[in-house]
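Every number here is computed from the coordinates shown, using simple stated rules; none is lab data. Quick caveat, the model's predicted, so the values are computed rather than measured. In this analysis, Cβ positions are derived from the backbone assuming ideal geometry, glycine residues included, and neighbour counts consider all displayed protein chains.
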Ligand SMILES: Nc1ncnc2c1ncn2[C@@H]1O[C@H](COP(=O)(O)OP(=O)(O)O)[C@@H](O)[C@H]1O
Ligand SMILES: [Mg+2]
């Protein structure tokens, strides 16, 4: 079963990123394989992974900035 959870709020600093990171971590520790999709232009959820995401071509950034289609960046 696939579950989709959206965490959003127009206000900054209310714990969105922390909630997603903690939730994904808890799901992973319980044996599941969460996929966290960072749609915030600040990209803090991505930046916590440091340089690990450098060179990644299929991303929400390419969707917003380079007109890449969602189909093209779809996770296999
Ligand atoms: N449950 C919490 N209790 C205390 N501090 C928190 C909690 N959740 C987040 N924070 C802190 O609040 C600040 C903003 O959180 P963040 O997740 O970056 O917010 P947002 O993504 O909404 O901008 C961070 O310093 C974070 O460590
Ligand atoms: Mg954030």
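With the simple model of a label 7 Å out from the Cα in the direction of the Cβ, residue 14 to residue 43 spans 2.5 nm. Label point of residue 5 set 7 angstrom out along Cα-Cβ; within segment 24-62, amide nitrogens under 15 Å from it belong to 24-38. Each principal axis of the Cα cloud of the chain was taken in turn, and the coordinate range along them, longest first, works out to 34, 31, 24 Å.
So what is the relative contact order of segment 1-69, in percent, for Cα pairs below 8 Å that sit 6 or more residues apart?
Values: 23 pairs, mean separation 12.5, N = 69.
Reported relative contact order: 18 percent.
Taking every DSSP helix (H) stretch of at least 4 residues in the chain, weighting each as -39,500 (n - 2.57) and dividing the sum by the residue count yields a mean residue ellipticity at 222 nm of -9000 deg cm²/dmol.
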